[in-house]
1. How far is residue B:371 from the same spot in each other copy, in nm, shortest first, if each label point sits 7 Å from Cα toward Cβ?
2. Which Cβ of chain A lies nearest the axis of the rotation superposing A onto B, and at what whole-Å distance?
3. Among the helices of chain B (complete DSSP H runs), which have Cα atoms covering no less than 20 Å along the helix axis and a Kyte-Doolittle mean of at least 0.5?
4. Suppose all protein chains stay in the model; what accessible area per residue would a 1.4 Å probe give for region B:17-254, in Å²?
5. Summed for both chains, how many Å² of accessible area, to the nearest 100, are buried between A and B with a 1.4 Å probe?
6. Let me know the mean shielding of A:64-70 by other chains, meaning the per-residue number of their Cβ atoms within 10 Å of its Cβ.
7. Can you pull out the GluC sites (Glu not before Pro) in region B:297-376 whose DSSP state is coil and whose Cβ has at most 14 other Cβ atoms within 10 Å?
8. Can you pull out the trypsin sites (Lys or Arg not before Pro) in region B:73-165 that DSSP calls coil and that have at most 15 other Cβ atoms within 10 Å?
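The values are calculated or read from the model by the stated rules, or taken from the named source; none is laboratory data. Owing to the predicted nature of the structure, the values given are computational and were not obtained by experimental measurement. Note that we place each Cβ from the backbone using ideal geometry, even for glycine, and neighbour counts take in every protein chain shown. Note: accessible area is taken over every heavy atom of the protein model, side chains too, but ligands, DNA and RNA are not part of it. Shrake-Rupley method; radii C 1.70, N 1.55, O 1.52, S 1.80 Å.
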Protein chains: 2
Amino acid sequence: MDEDFLLMIPGPIPVKPRVFRAMSMKILPHRGEEFNKLYMEQSERMKKIFKTKNDVFILAGSGTAAMDAAIANIVQPGDKVLCITSGKFGERFRDIVKAYKGLVIELKYDWGMPINTEDVKKALEKDPSIKAVTMVHNETSTGIRNPVAEIGKIVKNTRALLVVDTISSLGGDNIEVDKWGVDLCASGSQKCIGLPPGMSFISVSQKAWEVIEKTDSTCYYLNLKKYKNNKYKAPYTQPVSMTYGLKEALDIIDEYGFENWIKKHEKMAKATREAVKSIGLKLFPNDEKTCSNTVTSIKVPDGIDGQELVKLMREKHGIIIAGGQDHLKGKIIRIGHMGGVTEKEIIVTIACLQMALKDLGYNTELPSILTPIWKL
Amino acid sequence: MDEDFLLMIPGPIPVKPRVFRAMSMKILPHRGEEFNKLYMEQSERMKKIFKTKNDVFILAGSGTAAMDAAIANIVQPGDKVLCITSGKFGERFRDIVKAYKGLVIELKYDWGMPINTEDVKKALEKDPSIKAVTMVHNETSTGIRNPVAEIGKIVKNTRALLVVDTISSLGGDNIEVDKWGVDLCASGSQKCIGLPPGMSFISVSQKAWEVIEKTDSTCYYLNLKKYKNNKYKAPYTQPVSMTYGLKEALDIIDEYGFENWIKKHEKMAKATREAVKSIGLKLFPNDEKTCSNTVTSIKVPDGIDGQELVKLMREKHGIIIAGGQDHLKGKIIRIGHMGGVTEKEIIVTIACLQMALKDLGYNTELPSILTPIWKL
């Protein structure tokens, strides 16, 4: 496989060699004391990342497994769930609720538009039988950060559970599960934590446990009670190598300092936004205050085909960026700045983006250092 | 981590350095063409291992995920399922059926006893509304191989689907999904295929698809229709590194020759059985013809504590073997000979087993080469 590419999509991310080396350690028996200790220690450490005292479980499966678990354990047929959607992953939660035959009340915004917290308040007041509210913290499909803290304040005073997807922000943005009142927080390994895909995480509040205990759920592999009742050991075979990798990835974050790790993401996000604006591009979110800490989505300039741009970046420059999904295909591009991404990767990505745009006819003046390279 | 141990349990198994190196390649985007091609190619190659023309899907999750998918997609509340149980994993299928509110008709044998195929025939004749029959091909908890071919002949002529767990035998024993008429075959990565845990496989027959299409299932992450409807691309994020590893592991099997790979397992199984018998031990299965190709279970001699024996093997000799599960704890030990295990590992395991038994008071005469080592 040609490995001379730079991966700048919003996850999966380039995994550090240290993590790969850890993942190459000899396989331990998944039911032995040594592995159990390792597994439970990493579950404990993940609590720090979630900023919670709630239970946190590591699941063998990708982020959607954790999203599924969050719904499967609390929704019975006919249960009402308020699903806030403003992008692909908000819609995924809605679809999962439908799969479990929950009654979806959709609070729908155009992709990329901010959520109006007043709407959430009204919806919950209008129907106090709503059992849960689902939302995405960091909508990967649009590069928007949604106001979980504000919505948490509203949901806290109701019987409803707050279910949040933090797959593309956990570790790369400030997430305060306890302070915000997130009852079920689903996340994944392959974004700001710095692992390959294949592992996911879920935190479960006391309020959520009370609902889970009363819910007549139909699930087995993703049944959270199996985890709790197994004294927090994994009930089924865990991805041993990924667990070694998780320890190493969390060591890296600890060495960096967790708050510094988040600040680094903040800086990379800001640098990316400023750099793309400096070449005349417009951010996709209308309000920059709603911009994500981990992925920047950018409008493709008029007259340029976003899919062509992504292709040129890949083929000419060996840089993989993401296009838009679903109806945004060709209209936006997305650059991820997660995990170990540094200014070096940002510089080279934006520099090549500028050259690729120029190749496609975009009117832009290259800085002197790029001109000779562009002419190559 | 101390890596000076030899892992001889019935999975997970020691992973070859080649596979780890492949898993350390740069992460590709999971939705890009290159990864999709790789993923779909490995799904195709897995068909050869299953000996099937049926659809085969690779799932992100461990073996239980595939078992869950096999049931979740075909069982609605109230559906009757004949669950054949004679060990821990047969019971797991039964528990999954219960989780999905299927009506379990249990055909229960003592752990380690062979299945009487006549019983299956009678049960299906007695209740023609039975929708599925679940069984385990290779019962890891007892070291027994169950007669899937014979049961397949019976189930084929009914409306019922045959659902088989081949987690601990696929790749290490002859499995003929098409010839035997297995409708849903669930398996895992961490046994005879030679990967770390975290990935699983499922094959789906046309007869199974017809039932799946008609079943009003409640599942999302493990919904097989999502895979089929996504043109056989993975609908959710796949474990990219594990997929690289799968390609490498299948390359290793191809280089060895798949039939030779199975024969190697056969030889290792036979060698293990003969070696343990040569030191006076008895196999756990009463009938040696039912013995597994991939795991040998052995009765712990009277007066010796099996848990002590496992501990001594680990602590004195650095060899990890498995004890019995549930009510067989302390009564049997299990030695895995899966994947890349060669005669070298078998020799050293049985030699150390003999020394450990002698340490625990078992009356055995060590061969001359072991005596000086035992005295160390």
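1. Spacings between copies for this position, smallest first, are 8.9 nm.
2. Looking at chain A's Cβ atoms against the axis toward B, the nearest is A:61, 2.
3. Working: long enough: B:33-50 (26 Å, -1.20); B:240-256 (24 Å, 0.12); B:258-278 (30 Å, -1.18); B:343-359 (24 Å, 0.64).
Long hydrophobic helices here: B:343-359.
4. Result: 32 Å² per residue.
5. Numbers: alone 16500 and 16490 Å², together 28350 Å².
Protein heavy atoms only, the A-B interface buries about 4600 Å².
6. Numbers: counts 7, 9, 1, 3, 6, 1, 0.
Mean number of neighbouring Cβ atoms from other chains: 4.
7. Numbers: sites: B:308, B:315, B:343, B:345, B:365; in loops: B:365.
Here the GluC sites (Glu not before Pro) that fit, given the DSSP loop and packing criteria, are B:365.
8. Working: sites: B:80, B:88, B:92, B:94, B:98, B:101, B:108, B:121, B:122, B:126, B:131, B:145, B:153, B:156, B:159; in loops: B:101, B:131, B:159.
Those that pass, being in a loop and sparsely packed, are B:101, B:159.
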